[in-house]
Amino acid sequence: MKFRCSYESPLGILHIHSSQNGITKIERNIKILPYVSDAFLGQAQKELDEYFVGKRQQFTVPLDLSIGTPFQQEVWNTLCNISYGEVKSYSDLALLCGDIKKVRAVGRANGANPVPIIVPCHRVIGKNAKLVGYSQGLDMKAFLLKLEKAPIMHTLF
């Protein structure tokens with residue numbers, strides 16, 4: 001069974017989807033969805049509320065990332081180890097995943113992350129310290145890094 005809800009965030013409306021195992025997807029949208037909720041969605045909304053006001057640095061809501069390949073799941077799990085307010089380059093992420101030669105594959109997996117914010121793909125930047133490649137828009141990536149007071153943000157604004 002699948003569940004979904006619309007969540008009004010400082011970034012606009014986010015659609016949060018879940019399965020019986022956890023959160024499966026977050027996406028920006030402008031339409032309000034009919035509310036079909038479960039406990040995971042309620043927990044995700046509460047944790048996002050706390051995150052957006054600076055009271056949460058790590059998410060605990062269960063995730064269901066089974067949509068991804070084993071490699072994508074490895075990258076997404078590695079992303080969860082990047083601390084709040086910290087940034088890594090795509091090369092750094094490839095090294096954390098065990099192979100610098102896979103930097104492009106890591107970048108594609110990062111871009112395919114179905115649960116942005118909770119799986120913090122926004123914390124990955126270009127090697128030249130530029131904001132690049134965010135599926136939900138660079139404005140959202142910049143907002144999230146600024147919210148987290150990431151050290152890179154003082155050079156961008």
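The residues on offer are Ala39, Ala44, Ala105, and the sole one that is open to solvent by less than 20 Å² (accessible area, probe 1.4 Å), out of contact with any Leu (no Cβ under 9 Å at 6 or more places or on another chain) and among the aliphatic types (A, V, I, L, M) is Ala44. All of (1) open to solvent by 50 Å² or more (accessible area, probe 1.4 Å); (2) in contact with a Gly (Cβ under 6 Å, 6 or more places away or on another chain) hold for Tyr90 with one exception: (1). Can you find, within the range 108-141, the residue that is least open to solvent (accessible area, probe 1.4 Å) among those that are on the phi > 0 side of the Ramachandran plot and touching a helix residue (DSSP H, G or I) at 6+ places or on another chain (Cβ under 8 Å)? This residue is Ile117. For the range 121-133, check the following and say yes or no: at least one residue is in contact with an Asp or Glu (Cβ under 8 Å, 6 or more places away or on another chain) and more than 23 Å from Ile16 (Cβ to Cβ). Checked against the condition, which is being in contact with an Asp or Glu (Cβ under 8 Å, 6 or more places away or on another chain) and more than 23 Å from Ile16 (Cβ to Cβ), the range 121-133 yields no hits at all. Restricted to the range 142-157, and to residues there that are modelled with pLDDT under 85 and of a type outside the set (A, V, I, L, M, F, W, C), the residue that is most open to solvent (accessible area, probe 1.4 Å) is His154.
Of the residues Ile23, Ile30, the single one that is crowded, with 18+ Cβ neighbours inside 10 Å and within 24 Å of Leu147 (Cα to Cα) is Ile23. Comparison of Val119, Val75 shows that the only residue that is over 10 Å from the mean Cα position of the chain (by Cα), without any contact (Cβ under 8 Å) to a residue 60 or more places away in the chain and closer than 25 Å to Gln43 by Cβ is Val75. Consider the range 5-20 and keep the residues that are open to solvent by 30 Å² or more (accessible area, probe 1.4 Å) and assigned to a loop (DSSP other than H, G, I, E, B). The one that is farthest from Gly137 (Cα to Cα) is Gln20.
The values are calculated or read from the model by the stated rules, or taken from the named source; none is laboratory data. Just so you know, these numbers come straight off a predicted model, no measurement behind them. For neighbour counting, all protein chains shown are included, and Cβ atoms are generated from backbone atoms with ideal geometry for every residue, glycine included. Calculation scope for accessible area: heavy atoms of the full protein, side chains included, ligands and nucleic acids excluded. Shrake-Rupley method; radii C 1.70, N 1.55, O 1.52, S 1.80 Å.
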